[in-house]
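Let me begin by presenting the structure, written as structure tokens, before commenting on it.
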Amino acid sequence: MKKCFSLLLALVLMLGLSLAFAEGQEALRIGALKGPTAMGLVKMMKDNEGKDNYAFTLFGSPDALVPSLMKGELDLACVPVNLAAILYANSKGAIKVVNVNTLGVLYIVERGESVKTLADLKGRTLYASGKASTPEYVLNHLLTSAGIGDITVEWKAEHAEVLAALMADETGVALLPQPFVTIAQSKSPDIKVALDLNQEWEALGQGTLITGVTVARQDVIAQHGDALADFLGDYEASVAYVNANVKEAAALIGEFDIFAAPMAEKALPHCSISFVKGEEMKSMLTPFYQMLFDQNPQTTGGSLPDDDFYYLP
């Protein structure tokens, strides 16, 4: 799957970012993945109904979204944090990051109450998904910093497989992101949150755990700066609404078929939906990308993003 995705990305990059705003086009075209990175947009999406300021498209996976962005069919996209750096590298600077939209959403969950600290994972088997991506490198960094080496991580292809393994193991421990933690707890009251990896990360004093960002094409930034500024203002207001009005926001999340409303209402307070831009965004992302690069340079596209990666109006 990863090889196919890489080939697909290479093909669309060969086409270049040739499709800019069509003649007479007024709406910014925004793509997002179904999940926490799309949840912060829902008030904005609702307010845009009947208007032509924005056109939203939700995707099930990055390998569906990325070609649309690289071919110029999208102007902005909400993507995983490491993917933004890869797109910047592969596009030779034609994709830039404009804001952070989701902070950490990773949790250690278990059936029982035996895990109180990272040290309690010693000698255990941990079920997880996200190998060779941000979850693996965050987990590695935390375990190394805590001096924990004797742990077996059993990597699964999907979150659903992690949940199935956890349900089959009475002493199981798993790494899961929100909102899948909430989904797991809805299936079994025995599943409890043992550790919030946001708190574990912050305890290291090495910055903030980050999940998702928003990127824009450079030609859109250059030619439609006012429209981009309006988008960022509307996005910030949408995030503020979602975080302050959980029940209403959950109903919108259900309406736009991102997650079922009852599940979204339980998960939203733990999804770390955020809006950070400018110098604060850069100061958050820089050490995080350094951590990823130090473990595997390919997670950031083979190099660290330079200053031009960051949109600083």
**Asked** Which of the residues belonging to region 223-244 are without any contact (Cβ under 8 Å) to a residue 12 or more places away in the chain and not small (Gly, Ala, Ser)?
**Response** 226
**Message:** Residues that are touching a residue at least 40 places away in the same chain (Cβ under 8 Å), among the aromatic types (Phe, Trp, Tyr), touching a helix residue (DSSP H, G or I) at 6+ places or on another chain (Cβ under 7 Å) and closer than 20 Å to residue 45 by Cβ: does region 282-298 have at least one?
**Reply:** no
**Prompt:** Taking only pairs six or more apart or across chains, which ones have beta-carbon atoms under 6 Å, a first residue in region 56-68 that is within 17 Å of residue 216 (Cα to Cα), and a second residue that is assigned to a strand (DSSP E or B) and of a type in the set (Val, Ile, Thr)?
**Reply:** 56/30
**Asked** Which condition number in (1) surrounded by fewer than 18 Cβ atoms within 10 Å (Cβ to Cβ); (2) at pLDDT 90 or above; (3) under 19 Å from residue 133 (Cα atoms) is the one that residue 79 fails?
**Response** (1)
**Request:** Those residues that are in contact with a helix residue (DSSP H, G or I) (Cβ under 9 Å, 6 or more places away or on another chain) and either in a loop (DSSP other than H, G, I, E, B) or at pLDDT below 90 (or both), I need them from region 168-181; list them, please.
**Result:** 172, 178, 179
**Test: residue 220 is free of Cβ contacts under 8 Å to residues at least 24 places away in the same chain, of a type in the set (A, V, I, L, M) and under 30 Å from residue 278 (Cβ atoms)** = no
**Item:** Filtered residues of region 299-309 (kept if under 13 Å from residue 81 (Cα atoms) and not in a loop (DSSP other than H, G, I, E, B))
**Value:** 299, 300, 309
**Request:** Check off (1) in a helix (DSSP H, G or I); (2) under 20 Å from residue 310 (Cα atoms); (3) aliphatic (A, V, I, L, M) for residue 119 and give me the number that stays unchecked.
**Result:** (2)
**Positions within region 114-147 being in contact with a strand residue (DSSP E or B) (Cβ under 8 Å, 6 or more places away or on another chain), in contact (Cβ under 8 Å) with a residue 60 or more places away in the chain and within 18 Å of residue 288 (Cα to Cα), in sequence order** = 133, 134, 138
**Prompt:** Hey, among 141, 159, which residue is surrounded by 14 or more Cβ atoms within 10 Å (Cβ to Cβ), touching a Ser or Thr at 6+ places or on another chain (Cβ under 6 Å) and either on the phi > 0 side of the Ramachandran plot or not assigned by TED's automatic domain parsing to the domain that holds residue 269 (or both)?
**Reply:** 159
**Request:** Go through (1) within 22 Å of the chain's Cα centre (by Cα); (2) on the phi < 0 side of the Ramachandran plot; (3) touching a residue at least 12 places away in the same chain (Cβ under 8 Å) one by one and return the number of the condition residue 207 breaks.
**Result:** (2)
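The values are calculated or read from the model by the stated rules, or taken from the named source; none is laboratory data. Bear in mind that the values here come from a model prediction, so they are computed numbers and not experimental data. Cβ: placed from backbone, ideal geometry, glycine included. Neighbour counts: every protein chain shown.
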